[in-house]
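Have a look at the structure below, then the notes.
Only the coordinates and a few stated rules stand behind these numbers; no lab work does. From a predicted model like this one, the values you see are computed outputs, not experimental measurements. Cβ: placed from backbone, ideal geometry, glycine included. Neighbour counts: every protein chain shown.
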Amino acid sequence: MSKAAWVAFRAATAIGIALLSILIFRPESPFRAVLAGYLVVCLPTFRRKMMRQRLILVWCAGILGMALDAFFRDAPWLYIGFFVLMVTSLLIVASRSRDLATMTLLLYGISGSMPNSYNINSEAIYDGFFRALNCSIGILAASIAFLIFPLRKPPVGTGNPPIRFPIRDTFFIAIVGAAAICTANLFSSVITSAFVVFGALTWSIALCTQPREAILARVAGGICGITASIFFISVICFSTNEILFYLSSFMAVVWLYTWVGVQYPGWKPFANQFVFYFMVEAIMVPRPVHDLHETILIAASLYLGVVTATLLWFLDRLLRSVERMVEPPPSGETIQGL
């Protein structure tokens, strides 16, 4: 079996296990489980110690989110300030000793606090618990998939070194999350607020870490993923109520685009974003939902978050260019013409 097919089967297996777990436990917001599972299962390395640490960090982030939502849900300006502090602190801790996957998992677990509390009559502890639980389901599903389709052990000393994510970028991501919360509450009557924050936070990490070509490919992949999800719901969900047929079709789409991303590395950003948005849109467990309105609403919410993050990214780059212009020259150098 080729490497691309092997990785694709591993990804489809992880998604299948996550979906079956959702069918059994029926947690709220199941899209986090499949996204976390897909994120982890596509990693080039698997270490049990790292997976345990990710689970611990996810639950630490979940507890902080629960506390933030419980204490400040009726004080939005205090909430915004503590949200920025929480996100910045969590990402600094994660980035100093972990990787981008861990940072993204933490954002999955804290991306829905305030909008859910303000727009849905639910309890803070309940919301935060299920956000962390969904991420944990995804991590465990990916771990099982790694056992079924194991990785070849890389040579000693060839593992990815820990990243050193700039503190300025972690603060930028936190500001994007705060701005998305404000935007979500402004449009709370016409969009799904949690997806605005979720889309903004995850897109801000891509803006900070991906080259321009990859960003453009991800935009195209996201649009195609949303289009495919609408087609999937129209053809698959409208045609049958058989959950096994729905799950098999869902896993087949994941397998195909994972294979494309591995077989053709140039297409990987497109394929990953396609799967990401397809899964967010087409995840209709514990049963297929015969309604396109929800899908279109989620798509609009995600892209409102993407637009918010992109506008702030351009503003941040403008400010950085101004800072470089006014910075004094390094010691020992003179300005040309003086």
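Taking 30 Å as R0, compute the FRET efficiency from the Cβ-Cβ separation of residue 144 and residue 234 and round it to 0.05.
Details: r = 32 Å, r/R0 = 1.07.
The formula returns an efficiency of 0.40 here.
Annotation for residue 248 and residue 209: the two label points, set 7 Å from Cα along the Cα-Cβ direction, are 3.6 nm apart. Between the range 15-73 and the range 164-186, the C-alpha centres lie 21 angstrom from each other. Calculation over all alpha carbon pairs of the range 3-323 in 20 angstrom steps from 0 returns a P(r) of 33, 61, 6 percent.
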